[in-house]
Amino acid sequence: MDTTPQGVADTVPEDTGPASAGLPSSTPPQAGGQAAPAELPVPASGGLGRRFWLLFASSTVSNLGDGIGRIALPLLAVTLTRDPVLVAALSSLAFLPWVLFAIVSGALVDRLDRRKAMIVAQFARTAVVGLLTAAVLTGHAAMWMLYVAAFALGTIETLYDNAVHSLLPSVVRRDQLEKANGRVEAAAVVTDSFLGAPVGSALFVVAAAMPFMANSVGFLLAGALLFLLPGRYRTEPAGDRPANLRREIGEGVRWLWNHKPLRGITLIGAFSAGMNQAAMAVLVLFVVDVLRLPAAAFGWFALASGVGGVVGGLVAPMLVRRWPRAAVMAVAMTVGGIGFTLVGIFPSVPMLAVAATAIGCSLLVWNVLIMSVRQALVPPHLFGRVLGAIRTLLWGLIPLGALAGGLLAGAFGLRAVFMISGCVMLALMVPLCWVLWRHRDLINTLRESRTVDT
């Protein structure tokens, strides 16, 4: 799912932060028993406020720990086995929890105080990685321990990540969501992709246990920072019915299905993500077999995509200040289709480098805008469940897209995968543009300065 603060510091008293830190509002209740969002002072110079920067600091430290751990696990695995199937299984165990538990975690997030849920998740991750560190230090590490750790960390991440995105609208104004999400996403790219991998690799060279120690300390620090975030961040459910997890999950799924604009955008975006993964899954083979480059060159294209991602996260709020949000979203999604198609038709190093940078930028712009739209439109007491439903669909289609990419490459060749993926993504822009245009007024509600009610 940032950079250092830009602009003048927030001069508003910190106790007047968004939604009064979750305290009851003096405004009258709206229909359905939901409290109306409080009107808050506008921070000077567009500042995001102390609460956001505490959340940002915690998230950034956590992402750095993620990046270190993500490279350390496979490095440790290859010291224990040379079986490619056993090593590759680590990746599957990392994303499988999103398919299995994303919506359950979303329901739990909607029940709990989101800040406390994040703290518990960070300390749980600290314990998991700490135990693995002890096993490495004592020479007792085994592959089954890595599998258990990868699955446990992935499961905890579903709770933590849902809680982060559910909490963020409570600490910034509605019209600041893109700015806040952009900084969080850009920081995630920097710490996870740029810093985490080289730092983790360097620490592993010194001692196999060191990156795991750093990872554990990072999670511990990220959790400790959240103790400094004041306020209560638990939404009150509509009605007074007793808790029922199955019913609550159904409420979130039904809300998403009945919300025509978000339903349409979610379905189209999920299929587009699957086609994107079809191309990305065979990219390393494309670099080696089509461009005739050494396998190590693949990392440079990944770097180009990461640079584009950082730029995209930072420019997204600027773009929506100049052009309609619906138009920016449509263009962002179109760039990927054009980029993959051109790479397939005109395969060359410069073309792939430009396409990777542009696609990385457009994907982050899309991620920032679509997350901001969700945060503005989904009722706070349902947000975790709705986001969980969306991610269950998304993470279910991504591995299917990767499999489709392999099958297409075997049947038609590597270049065809990029052309087919690009053309399908461009075809999906027709229904996407129709949905965005039809509901453009609703999508532009983020221009309001009020917060999302908590």
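On the accessible surface of the chain, probed at 1.4 Å, how many percent belong to carbon and sulfur atoms?
C and S fraction of accessible area: 70 percent.
With a Förster radius of 56 Å, plug the Cβ-Cβ distance of residue 100 and residue 348 into 1/(1 + (r/R0)^6) and report the FRET value to the nearest 0.05. Write down the numbers at each step before the final one.
Working: r = 41 Å, r/R0 = 0.74.
Between residue 100 and residue 348 the formula returns 0.85.
Along the three principal axes, how long is the range 306-454 when you take its alpha carbons, biggest first, rounded to the nearest angstrom?
51, 32, 29
With the dipole of the range 180-331 worked out from charges on the C-beta (+1 for Lys and Arg, -1 for Asp and Glu) around the Cα centre, which of 259, 226, 193 lies farthest toward the positive end?
259
With unit charges on the beta carbon (Lys/Arg positive, Asp/Glu negative), name the residue among 370, 343, 72 whose Cα is farthest towards the positive pole of the charge dipole of the chain.
370
Taking 0.36 nm per intervening residue step and subtracting the Cα-Cα distance, what contour gain separates residue 131 from residue 327 on full extension? Mind dumping the intermediate values first?
Working: separation 196, 0.36 × 196 = 70.56 nm, distance 4.87 nm.
Residue separation times 0.36 nm, minus the Cα-Cα distance, leaves 65.7 nm.
Counting pairs of alpha carbon atoms under 8 Å apart in space and at least six apart in sequence, what relative contact order in percent does the range 287-422 give?
On the way: 128 pairs, mean separation 46.4, N = 136.
Value for the range 287-422: 34 percent.
Averaged per residue, what accessible area in Å² does the range 223-358 show with a 1.4 Å probe, protein chains only?
Working: 6710 Å² over 136 residues.
Value returned for the range 223-358: 49 Å² of accessible area per residue.
If Lys and Arg each add +1 and Asp and Glu each add -1, what is the summed charge of the other residues whose beta carbon sits under 15 Å from the beta carbon of residue 260?
Values: positive: 254, 263, 374, 438, 440; negative: 441.
So the environment of residue 260 carries a net charge of +4.
Might you report the magnitude of the Cβ-based charge dipole of the chain about its Cα centre, with Lys and Arg at +1 and Asp and Glu at -1, to the nearest 20 debye? Before the final figure, lay out the partial values.
Working: 33 positive and 23 negative charges, 128 e Å.
Once rounded to the nearest 20, the dipole reads 620 debye.
Once you put a point 7 Å from the Cα of residue 138 and another 7 Å from the Cα of residue 206, both along the Cβ direction, what distance in nm separates them?
With each label placed 7 Å out from Cα toward Cβ, I get 2.4 nm.
Using packing as a proxy for protection, rank 67-75, 403-411 so that the peptide with the highest average count of other Cβ atoms within 10 Å comes first.
Peptide ranking by packing, descending: 67-75, 403-411.
Around residue 100, under 14 Å between beta carbons, what's the net of Lys plus Arg minus Asp minus Glu among the other residues? Write out the running numbers ahead of the final one.
Details: positive: 391; negative: 157.
Combined, the nearby Lys, Arg, Asp and Glu give 0.
The values are calculated or read from the model by the stated rules, or taken from the named source; none is laboratory data. Not measured: the values here are computed from a predicted model. Neighbour counts run over all protein chains shown; Cβ positions are idealised from the backbone, glycine included. Accessible surface is based on the protein model in full, side chains and every heavy atom, while ligands, DNA and RNA are left aside. Shrake-Rupley method; radii C 1.70, N 1.55, O 1.52, S 1.80 Å.
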